[in-house]
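A.B. asks: Quick one: the structure is below, questions incoming.
The values are calculated or read from the model by the stated rules, or taken from the named source; none is laboratory data. Computed from a predicted model, the values in this text were never measured in an experiment. Note: ideal-geometry Cβ built from the backbone for every residue, glycine included; neighbour counts use all protein chains shown. For the accessible areas, the whole protein counts, side chains as well, though only heavy atoms, and no ligand, DNA or RNA atoms are used. Shrake-Rupley method; radii C 1.70, N 1.55, O 1.52, S 1.80 Å.
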Amino acid sequence: MSANAKNQAMEYRKLGKTELLVSLIGYGASPLGDVYGAIDSREAEMAAHLAIDRGVNFFDVSPYYGLNLAEERLGQYLLGRREKVILATKCGRYGLSDFDFSAKRVVTSLEESLRRLKTDYLDLFQAHDVEFGDVSQVIHETIPAMRKLQEQGKVRYIGITGYPPKLLARIAGQAPVDTILSYCHYNLLVTDMDEVLTPFAESQEIGLINASALHMGVLTERGGPDWHPAPPVVHEASRNAVEFCRKRGLNLSKIALRFCLDHPYVSSTLIGMPTRANVQANLALLREKTDPELIREILAVMAPGLNCVWPSGRTAE
């Protein structure tokens, strides 16, 4: 390992009240399901190994990503390395419109995921996109079923994930969980996670995980995928920010990722890293510092598209 690599020391944070110390940069495994386009699986495997070697220890996946493909690939990649990582997956969502939050499905989902991931336990088991389930069922059936699996030693901790921050706080307020994963609600385009969810999680010492630091691909040179649900004004705002940064020799994605890593309470920010170049670039962010004035300028450029959210799930906030 080069001296430069050694200087990119990973930071670790305690995940709420759990005993888990997770890497500030987490490995978001959704790209392993070809969610953002086909990947080179051999390159992705080498990228995962490099990430582990360089201190990334938190890996998050779901059966939904690529209809089991991401879990299958990750299980293969972690052979011989399972004990070096804190492994999280999810239950409840299995397709674009395929949801089942019943206690029976929670149990079978775990067994299926354990087989695909080639392990006999999970560090974190999460109910996925809870806003698409019946909230009462999630509170009174799903989460208790997950707690039973925890008592059996099959999972160390349990959590919930989803899009609407207020709903996540409401569910966790009625059915205590160890972690909450929020996506697309804390990044350069949207910061409303901090209005209700962050204060709630901090007051309850619930571990908070942030995902979609690039707003599901919007805050990139390439822009968001065709399926992205954000309104056109958001995509236009990001394109303007990309151009603003390009003219100054800067990369918007790097600035956006570093911005998320600066959050004072979030334990880990999940980032997709299907190539070794991705891993190297993300680790380099550990040496970067955020320029507050630059952030203000970028936000001014993106002003029309800031804090634009979209409806998600069965229950409106």
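A.B. asks: Sort out which residues of region 185-199 are without any contact (Cβ under 8 Å) to a residue 60 or more places away in the chain and either open to solvent by less than 40 Å² (accessible area, probe 1.4 Å) or of a type in the set (Gly, Ala, Ser) (or both), and write them in order of number.
C.D. replies: Going residue by residue through region 185-199, those that are without any contact (Cβ under 8 Å) to a residue 60 or more places away in the chain are 193-197, 199.
Selection gives MET193, LEU197.
A.B. asks: Tally time: how many residues in region 132-141 are surrounded by fewer than 22 Cβ atoms within 10 Å (Cβ to Cβ) and touching a helix residue (DSSP H, G or I) at 6+ places or on another chain (Cβ under 8 Å)?
C.D. replies: Let us first name the residues in region 132-141 that are surrounded by fewer than 22 Cβ atoms within 10 Å (Cβ to Cβ), namely 132, 134-137, 139-141.
Checking the rest, the ones that are also touching a helix residue (DSSP H, G or I) at 6+ places or on another chain (Cβ under 8 Å) come to 135, 139, 141.
So the answer is 3.
A.B. asks: Please determine, by comparing only the residues of region 21-48 that are of a type in the set (Ser, Thr, Tyr) and more than 14 Å from the chain's Cα centre (by Cα), which one is farthest from TYR94 (Cα to Cα).
C.D. replies: SER41
A.B. asks: Hey, another quick one. Filter region 158-183 for residues that are part of a loop (DSSP other than H, G, I, E, B) and either over 13 Å from the mean Cα position of the chain (by Cα) or crowded, with 24+ Cβ neighbours inside 10 Å (or both) and give the result. Lay out the reasoning, then the answer.
C.D. replies: Keep residues of region 158-183 that are part of a loop (DSSP other than H, G, I, E, B), which gives 163-164, 175-178.
Passing the criteria: PRO164, ALA175, PRO176, VAL177, ASP178.
For (1) within 20 Å of ASN278 (Cβ to Cβ); (2) open to solvent by 20 Å² or more (accessible area, probe 1.4 Å), each residue gets a yes or a no:
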{"position": "ALA9", "(1), (2)": "yes, yes"}
{"position": "VAL22", "(1), (2)": "yes, no"}
{"position": "GLY26", "(1), (2)": "yes, no"}
{"position": "ARG42", "(1), (2)": "yes, yes"}
{"position": "GLY66", "(1), (2)": "yes, yes"}
{"position": "ARG81", "(1), (2)": "yes, yes"}
{"position": "VAL85", "(1), (2)": "yes, no"}
{"position": "TYR94", "(1), (2)": "no, yes"}
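A.B. asks: While we're here: Residue check: is ASP100 open to solvent by less than 60 Å² (accessible area, probe 1.4 Å), without any contact (Cβ under 8 Å) to a residue 12 or more places away in the chain and not aromatic (Phe, Trp, Tyr)? Walk me through it before giving the result.
C.D. replies: On the way: open to solvent by less than 60 Å² (accessible area, probe 1.4 Å): yes; without any contact (Cβ under 8 Å) to a residue 12 or more places away in the chain: yes; not aromatic (Phe, Trp, Tyr): yes.
Yes, satisfied.
A.B. asks: Still on this structure, please answer the following. Just to check your reading of the model, which residue among THR290, THR269 is in contact with a His (Cβ under 9 Å, 6 or more places away or on another chain) and either free of Cβ contacts under 8 Å to residues at least 60 places away in the same chain or open to solvent by less than 40 Å² (accessible area, probe 1.4 Å) (or both)? Break it down into steps so the answer makes sense when it comes.
C.D. replies: Details: THR290 fails: in contact with a His (Cβ under 9 Å, 6 or more places away or on another chain).
One residue alone meets the criteria, THR269.
A.B. asks: State which residue pairs qualify: first residue touching a residue at least 24 places away in the same chain (Cβ under 8 Å) and inside region 136-149, second residue surrounded by fewer than 20 Cβ atoms within 10 Å (Cβ to Cβ) and in a helix (DSSP H, G or I) in any location, beta carbons under 6 Å apart, and separation of 6 or more residues or different chains.
C.D. replies: Taking only residues 6 or more apart or on different chains, the pairs are ILE139/GLN174; GLU141/ALA103; ALA145/ALA103.
A.B. asks: Turning to a different aspect of this structure: Just the residues that are open to solvent by 40 Å² or more (accessible area, probe 1.4 Å), among the basic types (Lys, Arg) and part of a helix (DSSP H, G or I), please, taken from region 231-264. Spell out how you get there, then give the answer.
C.D. replies: In the first step, residues of region 231-264 are kept if they are open to solvent by 40 Å² or more (accessible area, probe 1.4 Å); the result is 231-233, 236, 239-240, 243, 246-251, 254, 262, 264.
Applying the additional criterion that residues be among the basic types (Lys, Arg) yields 239, 246-248, 254.
Within region 231-264, ARG239, ARG246, LYS254 meet the criteria.
A.B. asks: Taking the conditions exactly as written (in a helix (DSSP H, G or I) and closer than 26 Å to VAL35 by Cα), does LEU124 satisfy them or not?
C.D. replies: no
A.B. asks: Under 8 Å between Cβ atoms, which residue pairs at least 6 apart in sequence (or on different chains) link something in region 246-260 that is over 14 Å from GLU221 (Cβ atoms) with a partner that is open to solvent by 60 Å² or more (accessible area, probe 1.4 Å)?
C.D. replies: ARG258/GLU288; ARG258/LYS289
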